[in-house]
2 protein chains.
Amino acid sequence: MDQYLQAALDEAKKGYREGGIPIGSVLVHKGKIIGRGHNKRVQEGSVVLHGEMDALENAGRQPASVYRESVLYTTLSPCPMCSGTVLLYGIPKVVIGENRTFMGEEDLLRSRGVEVEVADNQECVQLMQQFIREKPELWNEDIGV
Amino acid sequence: MDQYLQAALDEAKKGYREGGIPIGSVLVHKGKIIGRGHNKRVQEGSVVLHGEMDALENAGRQPASVYRESVLYTTLSPCPMCSGTVLLYGIPKVVIGENRTFMGEEDLLRSRGVEVEVADNQECVQLMQQFIREKPELWNEDIGV
């Protein structure tokens, strides 16, 4: 597996071990990970810190030029909030672990010129499937269902 | 002015007094404010806590049914991140103080069935104009420019 997607998956697994929602993300600027994160709904009672948002938050305040040269890696297809955030900051590329368990706003991203790559990684799929089986209500809450 | 938009403006002014970006928001459920917030870029070094996001975060974890009966008030037209969050949680209506200083994703919201109301409030416009005059770089950073 790509090393950055692996780093995002490591974050997702950390979230799973914490009893949280196992979605992880890293923000990569010119080959260097500048932010790592995972969903914090359970751990911090947060409704905005999805994995992608947490990675961006942990990267801290960056000039627009940095976002414009960055790639966001996420284990799961990004929801409307996280996709909107990609658009806000002008992140030009998103690499997605899988979109079988949840299909996010990939079409919207592509329609705005964002490059979207789907790895269709089995380990990402299995982790989400296991979580959704175990805690379906928590998953629904996270996606507003 | 509508009492809820006034509450959002009060949040924006609080942010201004703190040296932050003066955008405020409240989430209203069945006539009751359940979350208040303002942009926290300066105060908390946050890249995700726009006014709307802060209001949602402060409302805490809510079931989908609550979001579906809520109205989000914000002093400024919501950016892609905040608009995406409205879509994620299925918030059916957004009331916007003004969209003269910044035009957000109102068309996207409407295209997904969200009711969008623009108050075109002069006090909201003046507060943003004053802030953008005083701190243009900070404003640009907040909208990824």
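Within region B:52-75, being over 14 Å from B:ILE23 (Cα atoms) and not aliphatic (A, V, I, L, M) holds for B:GLU57, B:ASN58, B:GLY60, B:ARG61, B:GLN62, B:PRO63, B:SER65, B:TYR67, B:ARG68, B:GLU69, B:SER70. How many residues are of a type outside the set (Gly, Ala, Ser), out of contact with any strand residue (DSSP E or B) (no Cβ under 7 Å at 6 or more places or on another chain) and farther than 14 Å from A:ILE23 by Cα if we restrict to region A:76-99? Residues meeting the conditions: 6.
As a summary of the residue check, A:TYR73 satisfies the conditions (1) touching a strand residue (DSSP E or B) at 6+ places or on another chain (Cβ under 9 Å); (2) without any contact (Cβ under 8 Å) to a residue 40 or more places away in the chain except for the one numbered (2). What do you reckon, is B:LEU56 part of a helix (DSSP H, G or I), under 20 Å from A:GLY104 (Cα atoms) and at pLDDT 95 or above? Spelling it out, it is not the case that B:LEU56 is part of a helix (DSSP H, G or I), under 20 Å from A:GLY104 (Cα atoms) and at pLDDT 95 or above. Against the list (1) under 19 Å from A:VAL47 (Cα atoms); (2) in contact with a Leu (Cβ under 7 Å, 6 or more places away or on another chain); (3) among the charged types (D, E, K, R), the condition A:ARG112 fails is (1). Among the residues of region B:52-67, which ones are touching a Pro at 6+ places or on another chain (Cβ under 9 Å) and more than 9 Å from chain A (Cβ to nearest Cβ)? Listed by number, the list holds a single entry, B:GLU52.
Please determine, by comparing only the residues of region A:92-117 that are touching a residue at least 12 places away in the same chain (Cβ under 8 Å), away from chain B (no Cβ under 12 Å) and among the charged types (D, E, K, R), which one is surrounded by the most Cβ atoms within 10 Å (Cβ to Cβ). By that ranking, first place goes to A:GLU98.
Per the listing B:ALA64, B:ALA59, the residue uniquely surrounded by 20 or more Cβ atoms within 10 Å (Cβ to Cβ) and free of Cβ contacts under 8 Å to residues at least 40 places away in the same chain is B:ALA59.
When A:TYR89, A:TYR16 are checked against the criterion of being at the interface with chain B (Cβ under 10 Å from one of its Cβ atoms) and in contact (Cβ under 8 Å) with a residue 24 or more places away in the chain, A:TYR89 stands alone in meeting it. The residues of region A:17-53 that are assigned to a loop (DSSP other than H, G, I, E, B) and not small (Gly, Ala, Ser), listed by number, are A:GLU18, A:ILE21, A:PRO22, A:ILE23, A:LYS30, A:ASN39, A:LYS40, A:VAL47, A:VAL48, A:LEU49, A:HIS50.
Filter region A:19-52 for residues that are crowded, with 22+ Cβ neighbours inside 10 Å, of a type in the set (A, V, I, L, M, F, W, C) and farther than 19 Å from A:VAL118 by Cα; which is farthest from the chain's Cα centre (by Cα)?
Filtering region A:19-52 for residues that are crowded, with 22+ Cβ neighbours inside 10 Å, of a type in the set (A, V, I, L, M, F, W, C) and farther than 19 Å from A:VAL118 by Cα, the one farthest from the chain's Cα centre (by Cα) comes out as A:VAL47.
The values are calculated or read from the model by the stated rules, or taken from the named source; none is laboratory data. The structure presented is a predicted model; accordingly, all values stated were derived computationally and were not measured. Here Cβ is always computed from backbone atoms with ideal geometry, including for glycine, and neighbour counts include all displayed protein chains.
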